[in-house]
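Enquirer: Quick one: the structure is below, questions incoming.
Nothing in this text is a laboratory measurement; each read-out follows from the coordinates by a stated rule. Fair warning: this is a prediction, and the values are worked out from it, not measured in the lab. A quick note on method: Cβ atoms are made from the backbone with ideal geometry, for glycine too, and the neighbour counts reach across all protein chains shown.
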Amino acid sequence: MKKSILCRGVVLGCLLYSGSALAATSPFFTVSLGSGGLGAPYINPITSSGLPTKSSCEKFYHKLSWGVSAGLMNNFMDDTMSYGFEIGYIHNGSQHSPYGQYRSRDIDIMGLARYNIAGNWNVLGKAGLTMLDQHISDGVNRRSQWGIRPKVAIGVGYNIQTNMQVALTYSHIYTGHSGFNWHKNNLVSVNNMVLSLSYSF
């Protein structure tokens, strides 16, 4: 029995090694610029029931966002498909709403996959976790909060050269909250639409 398990382990190891050998691994670096949107922080608007108004919870304010990331990609299927991971830093913008000033940034680790659909065009998807850090101020009071939340992204890319690509990507950080409340320690969901430039080494 032990011999059988050992043989299966050796075979599986050989398959994994041969698969990784066939896949061409390349590091890459990405810079991005776009528009980041956060749920409007609500501070004072209260209904007669003592709950924040719906409109103040759901409105998103979009400001300039930027980010950098680096990772590894493995190409296979004659470079038709590639997969890998990346670690990135994103500044989601400094928001100024009628209810206060808001700043958000995050550090993420994402698994990603890319599939060539036609010529130099491809579609891509990402999923992972991010450490979200947010700050809010109404001019008198200030609060900082952070937490780990899920993050997903989808996009379309174009290969300018063999080792250079541009992509338009939409990402979403889900927190379960679309507005800030001074009385609760809750993070606000974040949307981002960015144009990025990637270079593979």
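Enquirer: Pull out the extension gain between MET81 and TYR174, defined as 0.36 nm times the separation in residues minus the alpha carbon to alpha carbon distance; nm, one decimal. Provide the component values of the computation, followed by the final result.
Expert: Values: separation 93, 0.36 × 93 = 33.48 nm, distance 2.76 nm.
Taking MET81 through TYR174 to full extension adds about 30.7 nm, to one decimal.
Enquirer: Right, next: Just grab the label-to-label distance for VAL123 and TYR158, each label 7 Å out from Cα along the Cβ direction, in nm (one decimal).
Expert: It works out to 1.8 nm between the two label points.
Enquirer: If packing is taken as the average count of other Cβ atoms within 10 Å, what order do 82-89, 30-37, 71-78 fall into, highest mean first?
Expert: On the way: 82-89: 17.1, 30-37: 18.8, 71-78: 14.8.
Final packing ranking: 30-37, 82-89, 71-78.
Enquirer: Just to check I understand the Karplus step: with θ = phi - 60° and J = 6.51 cos²θ - 1.76 cosθ + 1.60, what whole-Hz values come out for the range 110-121, glycine and proline as x?
Expert: Coupling constants for the range 110-121: 10, x, 9, 9, 9, 10, 6, 9, 6, x, 8, 8 Hz.
Enquirer: Set the Förster radius R0 to 30 Å, insert the Cβ-Cβ distance between TYR115 and HIS135 as r into 1/(1 + (r/R0)^6), and round the FRET efficiency to 0.05. Write out the running numbers ahead of the final one.
Expert: On the way: r = 38 Å, r/R0 = 1.27.
FRET efficiency, TYR115 to HIS135: 0.20.
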